[in-house]
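What follows is one structure encoded as structure tokens, with my remarks underneath.
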Amino acid sequence: MAIKKGDDVELTIDSAAYKGKGIGKIDGLAIFVPNTAPGDRVKARIIKKKKSYREAKLLEVIEPGPNRIEPKCQHAKNCGGCNWQHVSYKKQLKFKRDQVEDHMHRIGGLNDIEVNPTIGCDKEFYYRNKMEYSMGHKRWLSQEEINRDEFVSDRSFAAGLHAPGRFDKILNLNECHLQDPISFKILDFVRSWCVEHDIDPYNRIDHEGFMRNLVIRKAHYTDDLMVNVVTYKDDQDVMEALTNALLEEFPEITTIVNNINDTRSPTAEGRYEKVLYGPGYITDHIGPYHFTIDANAFFQTNTAQAEQLYEVAKSFANIGKNDILYDLYCGVGTLSLFLSEYCKHIIGIELEEVTIKNARKNARENQVSNVSFIEGDMKDVFTEEVTDEYGEPDCLITDPPRAGMHPDVVERLKELKVPKLVYVSCNSSTMARDLKELNKVYDIQEVQPVDMFPQTYHIETVAKLRLKD
């Protein structure tokens, strides 16, 4: 039968697909349905018609499958933050491993690769050291509210996370279990304080208002706690009053900063920043090293699990004491410093100026002298001149953003023929694409998923590559 947009269908979910969607089939046609788990018998409505598949939204779970559990959070079915909270954690780990293997085989053409079982996280909740909340003038209405006979307004001071696929509507949170519980308490306090004092949220359509984001960083190994208030305007009186109110309510806060983003860019990073209380940064540890983390600097979001990830990378690298190691996309230098004691010299390369500044500061404060950090776009600075200056790499670790490596960087790696290469990725689909090219020069010997983000479909993956004979 022809399945059209708007049709309601019943089907059994057979497997977990990429981005946390369940997949079932009707007459051989694949139907992708979010918020489902393998084994579920569901009713769904077709919302997108594609040539070889359909996308649907869940209307009802007719019969739950053996993998489905009751979510911890009331927002789980509407929130984009935890799209697998309805699946047992043991099964989440299996599904993530299966996704990585599917990408290796289907995208990378690496059909002989058998991906290792996923290394799980000790904490299934409250594991994030950073949460970025959004604020807006329109809240996301639940399906129950939409179905009511009486009118329900979506206009309010909404504070929480963006509704999936919507830049203009905020899921107004009543709870969140991804970061330490104090995180939601601070969000709730700031929302109530703004309403009480007639402080408007930012309107993303008219570009008016004041409050844009609240970013909270909670260190794992220290007591440091940062509140970063992102506003559309620079108003010293408002921010001074809010700072005093926050410190009175939450004496645990160690620093408060105000990022002023007076542009139309949706980013939570301000065009400039003011430190309102404390040092303006937090400090945390990975292994024996401590790291200074500014409001806008990148740092692994799950500190404890980052150590697991780095141990896998170290094992795959098999570093020798006299090795020269290159760390591409090095961030604030966490992995560079973590590996510094095992090799002769490490060269880290990163695009952002503030991130490289943090990396150099972290090296100085940890008294690590055998690291060098270079600022610039990887495709422009990772050149023959750099390897001539610092030496040819004996080992190279690359940890690119979700888009993967630029084709020029992949070609450079194929030309360099580094004996030992380790690829760390937060997106196994783009990793598989890059590995397909690298496989022309390298053997892909092992692939290890590491779960940094329980309750979500996201997965970190580490691949071990060795130069072909």
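The values are calculated or read from the model by the stated rules, or taken from the named source; none is laboratory data. This is a predicted model, so every value here is computed, not measured. Note that each Cβ is placed from the backbone with ideal geometry, even for glycine, and that neighbours are counted across all protein chains shown. For the accessible areas, the whole protein counts, side chains as well, though only heavy atoms, and no ligand, DNA or RNA atoms are used. Shrake-Rupley method; radii C 1.70, N 1.55, O 1.52, S 1.80 Å.
Counting protein heavy atoms only, the range 270-370 has 46 percent of its accessible area on carbon and sulfur, 1.4 angstrom probe. Computed packing ranks the peptides 212-218, 342-348 as 212-218, 342-348, most packed first, by mean other Cβ atoms within 10 Å.
A straight chain from D7 to D112 at 0.36 nm per residue would run longer than the Cα-Cα distance by 33.8 nm. The gain in end-to-end length when the K72 to K94 segment is fully stretched comes to 5.9 nm, 0.36 nm per residue minus the alpha carbon separation. Note on the chain: percent of Cα-Cα distances in each 20 Å bin, starting at 0 and stopping at the bin with the largest distance, equals 22, 52, 25, 1. Going 7 Å from the Cα of K361 along its beta-carbon direction, which residues of the range 250-273 have the amide nitrogen within less than 15 Å of the resulting point? Under 15 Å, as judged by backbone N against the label point of K361, lie 255-258, 273 of the range 250-273. Backbone phi angles across the range 443-458, fed through the Karplus curve with coefficients 6.51, -1.76 and 1.60 (θ = phi - 60°), yield HN-Hα couplings of 8, 8, 8, 7, 10, 10, x, 10, 7, 9, 9, x, 6, 10, 7, 5 Hz in residue order; Gly and Pro are listed as x. Per residue, the range 174-299 exposes 44 Å² of accessible surface when a 1.4 Å probe is rolled over the protein heavy atoms with every protein chain present. Near Y310, once Lys and Arg are set to +1 and Asp and Glu to -1 for all other residues with Cβ below 12 Å from its Cβ, the sum equals -4. Of the solvent-accessible surface of the range 54-109, computed with a 1.4 Å probe and all protein chains present, 48% belongs to carbon and sulfur. Close amide H contacts of L351 (hydrogens built in the peptide plane, cut-off under 5 Å, sequence separation of 5 or more or a different chain): G376. Extending 7 Å from Cα along the Cβ direction at I205 and again at K185 yields two label points whose distance is 3.7 nm. For the peptides 67-79, 352-364, 194-206, the ranking by packing is 352-364, 67-79, 194-206, with the highest mean count of neighbouring Cβ atoms within 10 Å listed first.
Calculate what fraction, in whole %, of the accessible area of the range 413-469 sits on carbon and sulfur atoms when a 1.4 Å probe is rolled over the protein chains. Here carbon and sulfur together make up 44 percent of the probe-accessible area. Could you compute the FRET efficiency for V368 and E307, with r as their C-beta to C-beta distance and R0 at 25 Å, rounded to 0.05? Given R0 = 25 Å and the Cβ-Cβ separation, E is 0.90.
Compared with the direct C-alpha span, the chain from Y390 to D198 gains 63.4 nm at full extension, assuming 0.36 nm per residue. Each residue, K321 and V275, gets one label point 7 Å from its Cα in the Cβ direction; the gap between the two is 4.1 nm. Accessible area per residue for the range 322-446 is 41 Å², calculated with a 1.4 Å probe on protein heavy atoms, without ligands, DNA or RNA.
Say R0 is 30 Å: what FRET efficiency, to the nearest 0.05, do E124 and E249 get from their beta-carbon distance? Efficiency, rounded to the nearest 0.05: 0.55. A simple rule links phi to the HN-Hα coupling: the Karplus curve 6.51 cos²θ - 1.76 cosθ + 1.60 with θ = phi - 60°, which for the range 413-420 gives 5, 5, 6, 5, 6, 5, x, 10 Hz, with x for Gly and Pro. With a cut-off of 12 Å between beta carbons, the residues surrounding T355 carry a summed charge of -3, where Lys and Arg count +1 and Asp and Glu -1. A dipole drawn for the range 380-450 from +1 and -1 charges on Cβ atoms has a positive end, and of V418, T398, Q448 the residue lying farthest that way is Q448. In the chain, the DSSP-assigned H stretches of four residues or longer account for a calculated mean residue ellipticity at 222 nm of -7500 deg cm²/dmol, using -39500 (n - 2.57) per stretch and the full residue count as denominator. Taking a point 7 Å out from the Cα of K51 in the direction of its Cβ, none of the residues of the range 426-469 has a backbone N less than 17 Å from it. Distance from the alpha carbon centroid of the range 20-50 to that of the range 205-237 works out to 39 angstrom.
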